[in-house]
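Enquirer: Sharing a structure with you now.
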Amino acid sequence: YDAAGGMKTLGFEDARRVVAESVDAQGTATLEQAMLTFIMPGPDNDKLKAAEGVLTEGFKHPEAVVSLLSLMCENANPLMRQLAGTFLRKVLLAHWESIDRQKPKPGAPGDLASAIRGILMGLIKTEPHMLSRRVVAGAIA
């Protein structure tokens with residue numbers, strides 16, 4: 001919270017820097033690959049079940065929030081950004097308390113919770129794909 005008692009929100013670029021320092025590249029790539037299974041045409045049931053298992057396991061960890069935010073900010077595919085936002089809402093609900101309790105890393109402009117708020121507010125303004133903006137709004141709500 002800031003000096004006035006309100007929730008602190010970082011600016012978009014500072015927030016992206018905090019999240020980039022926290023991202024697990026391998027975990028993000030694993031989630032991205034599993035999510036691609038759902039947006040590619042014609043996947044078979046075995047691949048869908050395997051991808052669902054990967055996502056279910058990955059979403060048990062708070063680090064999934066950072067991975068999904070990274071996908072929302074950096075992925076060129078609007079369907080991937082939309083799907084990441086849809087999953088983000090669920091994962092944020094599950095892990096927000098543990099994220100909100102984390103202290104900022106030394107030298108970081110703010111804590112992870114403030115960075116998440118900053119990124120989501122920035123994505124509302126900058127996301128060109130309307131459906132992706134809607135899922136960002138849903139994650140904020």
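The values are calculated or read from the model by the stated rules, or taken from the named source; none is laboratory data. Everything numeric in this text was worked out from a predicted model, so none of it was measured. Note: ideal-geometry Cβ built from the backbone for every residue, glycine included; neighbour counts use all protein chains shown. Protein only, heavy atoms only, side chains kept; ligands, DNA and RNA dropped before computing areas. Shrake-Rupley method; radii C 1.70, N 1.55, O 1.52, S 1.80 Å.
Enquirer: So, in segment 105-141, of the ones that are without any contact (Cβ under 8 Å) to a residue 60 or more places away in the chain and in a loop (DSSP other than H, G, I, E, B), which residue ends up least open to solvent (accessible area, probe 1.4 Å)?
Expert: Selected residue: 127.
Enquirer: Looking at segment 74-97, is at least one residue of a type in the set (S, T, N, Q), assigned to a helix (DSSP H, G or I), modelled with pLDDT of 90 or more and closer than 21 Å to residue 138 by Cβ?
Expert: Of segment 74-97, the ones of a type in the set (S, T, N, Q) are 75, 77, 82, 86.
Imposing the further condition that a residue be assigned to a helix (DSSP H, G or I) reduces the set to 82, 86.
Add one more test, that the residue is modelled with pLDDT of 90 or more, and what stays is 82, 86.
Filter once more, so that each one left must be closer than 21 Å to residue 138 by Cβ: 82, 86.
Scanning segment 74-97, I find at least one residue that is of a type in the set (S, T, N, Q), assigned to a helix (DSSP H, G or I), modelled with pLDDT of 90 or more and closer than 21 Å to residue 138 by Cβ, so the answer is yes.
Enquirer: I need a count of the residues in segment 1-54 that are part of a loop (DSSP other than H, G, I, E, B), of a type in the set (Gly, Ala, Ser) and either at pLDDT 85 or above or under 13 Å from residue 114 (Cβ atoms) (or both). Reasoning before the result, please.
Expert: At the first step, the residues of segment 1-54 found to be part of a loop (DSSP other than H, G, I, E, B) are 1-11, 23-24, 40-44.
Cutting the leftovers down to of a type in the set (Gly, Ala, Ser) gives us 3-6, 11, 42.
Checking which are either at pLDDT 85 or above or under 13 Å from residue 114 (Cβ atoms) (or both) leaves us with 6, 11.
Residues meeting the conditions: 2.
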